[in-house]
Ligand code: SF4
Ligand code: SF4
């Protein structure tokens, strides 16, 4: 059995708790236990708070990492933004002793000390490395017969020198996870393009942000894709809620394409129900292939 | 102080080398060609690098600098290893310090100071959490007042509250003219 602290962030627990429920359940089936990271906050969003004030960004991120460090548990996340913040902050603190001193000086009053004894992981790493494709395949009881468009998001892979998951130009990790469920991962134009939400663009300029999203959905529709999957709660919100907003803003044809977080898709393949995975609470309803 | 020195100061957490990588820019335009935002807007990453290199402070007022989604595509592809996305984030710190922060962005920051979350919980999600067998309130700053206080202490210590114009009496944003 392996134990992790789950860093929830904002969007997962406060908008898409189905991601949380699905992730904890799927991991548990493979003997990975999840512990609460009590008192965690916003990561805070790397492209947003990192753009406002890098000192505040680093200190809040370091606080979140330190909470887990003091529990002695590695952390997993279900959002590329959380991954971006926590993993980057942890990386900087491990590389630069002067930053570590500065952070500890400023966290002293909170009774916290960053030591750097833990790792920040994305749940995709747990699925791929701790569990592995072979065991995931063995656990499939209800194979998916569907064409899936994978959306990687940005901060899971990039910057590749910091993240360490190899090339960001031709990743296969999520496609392999999708295909383990019996579904087919179908390539589409601009597959690796950003969803448009990051860097504060969704907040400041919704129309620009949604134009990214719209382009991705147009390409997926053309490729005959049934549903899109992602590894990021923020991309997930942008792509699910975003379809409704695209309709409102641009008045165009409704894409109506189901959006699933990777553990929700895996959960379905393992025989879990649409309802227990929180999929029926999405803005875009599931189509028949994803109702169980 | 010159613009680059200001960016170095705001971006000190990355180290001076990261910001100074911008001096290696040879204006090839690969960043612009890779930029998903530049594809649909007038934002040009190469031009931004050029203005920063030449110390043109008017870039701080240019709303286009906020059109980068921090996707890192240009950062990955730059043939001169300019740390573009980090330079952009540090540059935006300088802009924010000079008062160029939109109301919408200030509101996002306000939620973190007020609740510890940029996207706080609502009643519909509480209900859904319960239905899914999760705790109604997540074990975050939403549940632990002392954790929220820690975030508020950090905001004060870093003068983040001042930066975004947060009023502790009303627990809301101060009125401020948008620059
Ligand atoms: S890709 Fe790099 S070298 Fe080329 S213009 Fe952009 S920042 Fe400069
Ligand atoms: S990181 Fe920003 S500037 Fe670079 S390609 Fe992405 S959106 Fe464009």
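Computed from the coordinates by the stated procedures, all read-outs in this text should not be read as laboratory data. Given the structure is predicted, the values throughout are model-derived calculations rather than measurements. Cβ sites come from the backbone with ideal geometry, for glycine too, and all protein chains shown count toward neighbours.
Explain nothing, just the number: relative contact order of the range B:3-97, from Cα pairs under 8 Å at least 6 residues apart, as a whole percent.
40 percent
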For chain A, longest principal axis from Cα atoms; helix A:80-95 axis from its Cα atoms; angle between them, nearest 10 degrees, is 30 degrees
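Kindly work out what percent of the DSSP beta bridges joining two residues of the protein assembly as shown are antiparallel, to the nearest 5. Show your work: numbers first, answer last.
Working: 2 of 22 bridges.
Here the share of antiparallel DSSP bridges comes out near 10 percent.
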Binned at 10 Å starting from 0, the alpha-carbon pair-distance distribution of the range A:15-165 in whole percents comes out as 10, 37, 34, 15, 4, 0
Chain A: relative contact order from alpha carbon pairs under 8 Å, six or more residues apart, as a whole percent, is 21 percent
Binned at 5 Å from zero, the C-alpha pair distances of the range A:201-263 give percents of 4, 18, 31, 27, 15, 4, 1
Convex hull around the C-alpha positions of chain B: the volume in Å³ per residue is 159 Å³
Expected integer from the mean partner chain Cβ neighbour count at 10 Å over B:147-156 is 5
Per residue convex hull volume, Cα only, the range B:3-97, in Å³ is 82 Å³
Output field shielding_mean for A:132-143 (other chain Cβ, 10 Å radius) holds 0
For chain A, longest principal axis from Cα atoms; helix A:17-29 axis from its Cα atoms; angle between them, nearest 10 degrees, is 80 degrees
Between residue A:207 and residue B:177, the FRET efficiency computed from the C-beta separation at R0 = 25 Å comes out, to the nearest 0.05, as 0.60
Shape call for the range A:72-125, from the Cα gyration tensor axes a ≥ b ≥ c (a/c under 1.5 means rounded, otherwise prolate when a/b beats b/c, else oblate), comes out prolate
Rounded to whole angstrom, the alpha-carbon centroid of the range A:28-81 lies from that of the range A:115-194 at a distance of 20 Å
Rounded to one decimal in nm, the spacing of the 7 Å Cα→Cβ label points at residue A:165 and residue A:98 is 3.2 nm
If R0 = 51 Å, then residue A:109 and residue A:187, at their Cβ-Cβ distance, give a FRET efficiency to the nearest 0.05 of 0.50
Across B:98-105, the residue-averaged tally of Cβ atoms belonging to other chains within 10 Å stands at 3
Compactness check, the range B:103-173: C-alpha Rg relative to the 2.2 N^0.38 Å globular estimate gives 1.22
If one compares the long axis through the Cα atoms of helix A:233-250 with the longest principal axis of the Cα atoms of chain A, the angle in degrees, nearest 10, works out at 50 degrees
For the range A:132-281, one quarter of the surface area of the C-alpha convex hull, expressed in nm², comes to 9.0 nm²
If A:272, A:220 are placed from fewest to most neighbouring beta carbons inside 10 Å, the sequence is A:272, A:220
The relative contact order of the range B:75-158, taking Cα pairs under 8 Å that sit 6 or more residues apart, comes to a percentage of 19 percent
Over the Cα atoms of the protein assembly as shown the radius of gyration and the largest Cα-Cα distance (Dmax), both in Å, equal 21.2, 64
